[in-house]
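> Could you have a look at this structure, given as structure tokens, before my questions?
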Amino acid sequence: MKSIGENVLQQFEEIVGVAHALHDIDLVSTYTTDWTGRFQGRTPVVLRPADTQEVSQIIQVASAAGLAVVPQGGNTGLVGGSVPLQGEVVVSTLRLNMCEPVDLLAQQVTLGAGVTLSDAQHHVASFKLDIGVDLAARDSCTIGGMIATNAGGINVVRYGPMRDQLLGVEAVLADGSIISHLEGLEKDNTGYNLPGLFAGSEGTLGIITKARLRLHPHLPERCSAMLAFRTIEDAVAATAQLRHSVLGLQAVEVIFRDAMHLVSHHISASIPVGSHAEAWLIVEAASDSDPTEQLAIAIDNLGSLVLDVAVGQDPATRAGLWQFREKITEAIATQGTPHKLDVTLPASRLAQFVTDVPAVIMGIDIGATPVMFGHLGDGNVHVNILGSDGSEPDERVDAAVLDYVAQLGGSISAEHGVGTAKRDFLHLNRSATELGAFRAIKSSLDPKGTLNPNVLIPPENQ
Ligand SMILES: Cc1cc2nc3c(=O)[nH]c(=O)nc-3n(C[C@H](O)[C@H](O)[C@H](O)COP(=O)(O)OP(=O)(O)OC[C@H]3O[C@@H](n4cnc5c(N)ncnc54)[C@H](O)[C@@H]3O)c2cc1C
């Protein structure tokens, strides 16, 4: 860990106040370990700035002292990108939690980077508006972290990922200068799209301090259904049909067998339908008028593809179905420290991948178990690999699975980002020329490598 002199520490304390420069080991431990417990780092200090100016001053001091910085939001990221693996200074954005008034004319809002998703949802709800991205970590994950990872979640099938919600950002660059483009113009062809560049940049190009987001009309009428399938192929075919026939399709989530049995045990609730099925979809339709009939007709048209169906119309029954999806990550965490591989496959290869991947994994580590679920509407499968007895699986399983994904024409990161966990595999999806372009962007915006140096971009010799 690069030592940080008394003088530098004092400068940091003067910027944020002593109470917001944490170095006591007990206080910093939640900032140095990631959500999965797999990635643990160390830091000389965690800084909790109150506004953009303080972030800018921190970065100027860090850059002058040759210190690297890891931006951190809710620390719910799943690829080890938010923790200081090489003793970096942590800049926590949690105090950048200001919500500006909702702009009803434009149906947009400007939010501080540290606002949690659930606070953002509550802020806009009274205007009958929604944030386009929703995910199970909503109570902790922040708007800044969601932009930095280009988070996806359960409604991508309808609204797209975080990048599609983004109309502008304010951010502090690696030399402490501030860019701010928050006017929220829907049409603005004045050169490079910097907000788009920040989406998925994982803290490597700047620290996002505010964002201007597009909002969507809240659709109060909802219907959810859980569908059980005999085969994975049937679930994939049904997804394609539902995407075609349900106009108000809000979500199409998938739970494969091992994940369903694990979550059912974890929440002490029996599987609502098809206890011997191979795969289950949770489908939701949303509209301003009751979508139940439209969804029921679409499900009926799936005919013998479906083994059995449970429908939830009222909020309590819908929540009862959704808990099987929302509690899976938590259920897996109770079993040990998994390797989390979040991948996308072309629809035509998805069933093949899910069927073959257990053998790919066990060919390397006979004691490892895959637990799979995901967002089937987007071809996104979360492959969680648990080692025997809660230990981590053999390191080589990651390479085997990601190689197989690339062979099938898929992406090694669908929505969680690259972080440190997948940095060495980026070449599977990105050509040498693309990686060269990434490095050129990084070095022109951050020539000293101040910002999150351990993530996303592999070292040049790889
Ligand atoms: C139970 C659970 C469910 C999840 N479900 C989903 C899901 O459905 N879809 C999905 O996409 N993800 C999901 N995730 C992953 C995670 O919630 C997302 O990646 C989220 O976007 C991370 O936000 P965060 O604020 O916690 O960021 P952090 O974990 O703090 O940081 C993530 C990355 O963003 C960078 N960063 C954070 N804030 C900033 C900032 N202000 N400026 C610049 N860089 C920054 C960090 O350096 C790091 O590289 C889930 C996680 C959990 C624990």
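The values are calculated or read from the model by the stated rules, or taken from the named source; none is laboratory data. Here the structure is a predicted model, which is why all the values come from computation and not from measurement. Glycine gets a Cβ as well: all are built from the backbone with ideal geometry, and neighbour counts include every protein chain shown. Protein only, heavy atoms only, side chains kept; ligands, DNA and RNA dropped before computing areas. Shrake-Rupley method; radii C 1.70, N 1.55, O 1.52, S 1.80 Å.
> Counting helices only, and only those DSSP H runs with n ≥ 4, report the 222 nm mean residue ellipticity of the chain as the sum of -39,500 (n - 2.57) divided by its residues, in deg cm²/dmol to the nearest 500.
Numbers: 15 runs with 150 residues, N = 462.
Here the helix-only value at 222 nm equals -9500 deg cm²/dmol.
> Apply 1/(1 + (r/R0)^6) to the Cβ-Cβ distance of Ala399 and Ala437, taking R0 = 22 Å, and write down the FRET efficiency to the nearest 0.05. Walk me through the numbers before you get to the answer.
On the way: r = 25 Å, r/R0 = 1.11.
FRET efficiency, Ala399 to Ala437: 0.35.
> Here is a further query. Report the relative contact order of region 108-217, percent, no decimals, based on alpha-carbon pairs under 8 angstrom and at least 6 residues apart.
It comes to 37 percent, rounded to a whole number.
> Next question. Roughly how many Å² of Thr32 are accessible to a 1.4 Å probe, to the nearest 10?
10
> Want the number for Arg42 to Gln86: 0.36 nm per residue separation, take away the alpha-carbon distance, what's left?
15.1 nm
> Of the options Gly274, Leu305, His244, report the single residue whose Cα projects farthest towards the positive end of the charge dipole of region 221-329 (beta-carbon charges: Lys, Arg +1; Asp, Glu -1).
Ranked along the dipole, the leading option is Gly274.
> So for Lys448, Lys210, Lys442, what's the accessible-area order with a 1.4 Å probe, most first?
Solvent-accessible surface, decreasing: Lys448, Lys210, Lys442.
> Within the chain, what whole-number % of the accessible surface is contributed by carbon and sulfur, with the 1.4 Å probe and all protein chains included in the calculation? Each step should come with its number before you reach the end.
Numbers: 9810 of 19110 Å².
Its accessible area is 51 percent carbon and sulfur atoms.
> At most 16 other C-beta atoms within 10 Å and a DSSP loop state: those are the exposed GluC sites (Glu not before Pro) I care about. Give me the longest piece of the chain that has none.
By the stated rule (loop sites, at most 16 other Cβ atoms within 10 Å), 187-394.
> Same structure, new question: Tell me which of Val90, Ile15, Leu426 sits at the most positive position along the dipole axis of the chain, charges placed on C-beta atoms (Lys, Arg +1; Asp, Glu -1).
Of Val90, Ile15, Leu426, it is Leu426.
> Per residue of region 418-428, in order, report the coupling 6.51 cos²θ - 1.76 cosθ + 1.60 (Karplus, θ = phi - 60°) as ³J(HN,Hα) in whole Hz, putting x for Gly and Pro.
Running phi through 6.51 cos²θ - 1.76 cosθ + 1.60 with θ = phi - 60° gives 9, x, 8, 5, 10, 4, 6, 10, 4, 4, 5 Hz.
> Could you name the lysines in cross-link range of Lys128, using Cα to Cα under 23 Å and dropping any fewer than eight places away on the same chain?
Lys210
> Under the 0.36 nm per residue contour assumption, what length would be gained going from the current alpha-carbon distance of Tyr192 and Asp139 to full extension?
Length gained between Tyr192 and Asp139: 15.8 nm.
> Show me, for region 313-324, the HN-Hα J-couplings you get by feeding each phi into the Karplus relation (A = 6.51, B = -1.76, C = 1.60, θ = phi - 60°), rounded to Hz, glycine and proline as x.
The phi angles translate into 9, 7, x, 5, 5, 5, 4, x, 6, 5, 4, 5 Hz.
> Further, regarding this structure: Can you compute the charge dipole magnitude of the chain about its Cα centre, using +1 on each Lys and Arg Cβ and -1 on each Asp and Glu Cβ, nothing else charged? Give it in debye, rounded to the nearest 20.
Approximately 460 debye in magnitude.
> Is the C-alpha gyration tensor of region 65-168 telling us rounded, prolate or oblate? Criteria: a/c under 1.5 is rounded; beyond that, a/b larger than b/c is prolate, otherwise oblate.
prolate
> Find the accessible area per residue for the chain; the probe is 1.4 Å, ligands and nucleic acids are left out, and the unit is Å². Spell out each step's value before the answer.
Details: 19110 Å² over 462 residues.
Normalised by residue count, the accessible surface of the chain is 41 Å².
> Another question about this same structure. For Asp139, what accessible surface area do you get with a 1.4 Å probe? Give it in Å², rounded to 10.
120
> Right, next: Search the structure for amide H atoms under 5 Å from the amide H of Leu129, placed 1.01 Å from N in the peptide plane, and list their residues when 5 or more places away or on another chain.
Hits under the 5 Å cutoff: His218.
> Can you give the angle from 0 to 90° between the axis of helix 6-16 and the longest principal axis of the chain, with both taken from C-alpha atoms, to the nearest 10?
Roughly 60 degrees, rounded to the nearest 10.
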